[in-house]
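The values are calculated or read from the model by the stated rules, or taken from the named source; none is laboratory data. Please read these numbers as outputs of a predicted model, since none were measured by experiment. With ideal geometry, Cβ positions are generated from the backbone for all residues, glycine too; neighbour counts draw on all protein chains shown. Areas reflect the complete protein model, heavy atoms only, side chains present, ligands, DNA and RNA absent. Shrake-Rupley method; radii C 1.70, N 1.55, O 1.52, S 1.80 Å.
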Amino acid sequence: MDDVVIVGGGHNGLVAAAYLAKAGKSVRVLEKLSHVGGAAVSASPWEGVDARLSRFSYLVSLLPDRIVSDLGLKLALKSRSASSYTPNGRSGLLVERSPGAATVASFEAVCGSLEDWERWQRWYADLELMAEALAPTLLEPLVSREHLRVHVDKVVRGRLWEQVFERPIGATLQELFDNNLVRGVVATDALIGTHSSLHSLRANKCFLYHVIGNGTGEWKVPVGGMGGVTAELERVAREAGAQIITGAEVTSVESDGKTASVTYGDTTAEARFVLSNVAPSVLGRLRGLEVHDAPGCQLKINMLLRRLPELKSGVDARLAFAGTFHLDESYDQLETAYLESAAGQVPSVLPGEMYCHSLTDPSILGPSLRGHETLTLFGLHLPASLFEGRNTELRDELVQRYLDQLNAHLVEPIQDCLAVDAQGNPCIEARTPLDLEEELGLPGGNIFHGELDWPFAESDDQVGKWGVETDVDNVFVCGAGSRRGGGVSGIGGHNAASAVLERI
């Protein structure tokens, strides 16, 4: 009998496996695909093209330094040279990583004054203080809402708790900033992977996790792509003694609360504990329960370019695309796109954001691609329901529409910059929520495995727990669907391993 069987070999499952194996426990990881990593992988989508793109998840913010240190991970995470650029006709809003004269001039040009810039500085200074206070708690047992509020109030002045946790983020942004474009740049962190109005607290939860990662909120580029993160986790887990089996699709999980059995293929593994790194709804079906999925809402487009295009604004493309390039993401455009998509319509204007991985990490491109660049686009407010019955048709339509919207800001069409594969086809691929469900097993393509939760206990009986518990004493959730899960963080894996080690 194993001490622990882990269902799913995504990054969180590997984190849990590494912690438990290092603690001397016998661990078996079961992954249905031919490789581990889940959505955190590097690969070339195009035949004969020597590139290692982060095809699905693509940036790292929430991974704590503590996990990297505990597990001895040899990772390189690099800062981007710019935070963001948002085109606005013949000008644009540039936010440097260390804001200087160019950022100040940009705010003045777009806003007509420096009032929003001054408010921006105060807002993000407060958020950074909150991040420093909250980030360490994500690797600790849950505390009450009031305990966490007091903890935050000790380090952050004014109304920040109310603004982030109690009042819809949209109302806060409308109060804080006058400019619609500035509001939108801030608001996008509340909508990545979340289909929500900015006037719902669902958006606040998404915003919170996007700005507190590792105590800074900075989103960094993994050297070697996301597959570099997975490869390191697999290495340390195997070296610690974890058994990792690929091509092992789990078909059932049974437990009486003391021992469990996990069936895959013709094999049934017995274990003292089961950790689930699949979505909670998938675990429910494996246990024979009636469950409901929470579908995803995004389109991912990957491109390989022979060169970066020139911008009509005259801003250097190597600066504009190094950070997050916001495409039609003003506050009003974001809210309109949500309302239209919630009504079952494809948004009339598609909000999206892009960045160029290879500007920060050229190692993902082979020697034959010298001078080439990657471009990744993440489209918002495109729920899975829009694609049902017309996935291929709508995917192709949206790719063309996104390229057209981008071209409005370029001197030359982006199509003229695309590289080609061995058959002469343009190097561009897109993945919808339904594609993610088919290829990765994510129900409805939800990149967070379900709805995000607040990082505190919702009831008194949850205080002191890890946010990974289920209704069965020896079955835990270790993936993105755990409380404080979501994103490439390893937090769910760490917390599930901690819950096991308390009991074993």
**Report entry** Single residue of the range 446-494 satisfying the filter (touching a Leu at 6+ places or on another chain (Cβ under 7 Å) and polar (S, T, N, Q)) that is most open to solvent (accessible area, probe 1.4 Å)
**Finding:** Q462
Query - Inter-residue pairs, beta-carbon under 9 Å, first under 23 Å from L283 (Cα atoms) and open to solvent by 50 Å² or more (accessible area, probe 1.4 Å) and in the range 230-251, second of a type in the set (S, T, Y) and not in a strand (DSSP E or B), 6+ apart - result: Q243/S26; T246/S34; G247/S34
Query raised in the report: Which condition breaks for S98 when tested against (1) modelled with pLDDT of 95 or more; (2) among the polar types (S, T, N, Q); (3) more than 30 Å from R238 (Cα to Cα)?
Result: (1)
Query raised in the report: Of the residues that make up the range 437-445, is at least one in contact with a helix residue (DSSP H, G or I) (Cβ under 6 Å, 6 or more places away or on another chain), open to solvent by 60 Å² or more (accessible area, probe 1.4 Å), modelled with pLDDT of 95 or more and part of a helix (DSSP H, G or I)?
Result: yes
**Report entry** Filtered residue count, the range 396-408, keeping only those that are touching a residue at least 40 places away in the same chain (Cβ under 8 Å) and touching a helix residue (DSSP H, G or I) at 6+ places or on another chain (Cβ under 7 Å)
**Finding:** 1
Query raised in the report: Do we have Q415 as within 30 Å of G314 (Cβ to Cβ), open to solvent by 60 Å² or more (accessible area, probe 1.4 Å), outside any loop (DSSP other than H, G, I, E, B) and touching a residue at least 12 places away in the same chain (Cβ under 8 Å) here?
Result: yes
Requested in this report: Check A102 against each of (1) out of contact with any Phe, Trp or Tyr (no Cβ under 9 Å at 6 or more places or on another chain); (2) aliphatic (A, V, I, L, M); (3) closer than 26 Å to A497 by Cα and name the one condition it does not meet.
Outcome: (3)
Query raised in the report: What helices (runs of 4 or more DSSP H) lie completely within the range 164-218 and have 1 or more residues being under 18 Å from M130 (Cα atoms) and open to solvent by 10 Å² or more (accessible area, probe 1.4 Å)?
Result: 169-176, 201-211
**Report entry** Subset of the range 469-504 [over 19 Å from the mean Cα position of the chain (by Cα), in a loop (DSSP other than H, G, I, E, B) and at pLDDT 95 or above]
**Finding:** T470, D471, V472, D473, N474
Report summary line: Cβ pairs under 9 Å, 6+ apart or interchain, first in the range 279-295 and modelled with pLDDT under 95, second open to solvent by less than 70 Å² (accessible area, probe 1.4 Å) and of a type in the set (A, V, I, L, M), ordered by first then second residue, are V291/V282; V291/L283; D293/A279; D293/V282; D293/A384; A294/A279
Query raised in the report: Of the residues L339, L334, which single one is assigned to a helix (DSSP H, G or I) and surrounded by fewer than 20 Cβ atoms within 10 Å (Cβ to Cβ)?
Result: L339
Report task. For the range 309-331, name all the residues that are among the hydrophobic types (A, V, I, L, M, F, W, C) and either without any contact (Cβ under 8 Å) to a residue 40 or more places away in the chain or open to solvent by 30 Å² or more (accessible area, probe 1.4 Å) (or both). Result -> V315, A317, L319
Report summary line: When every residue in the range 342-371 that is among the hydroxyl-bearing types (S, T, Y) and assigned to a helix (DSSP H, G or I) is compared, the one most open to solvent (accessible area, probe 1.4 Å) is S368
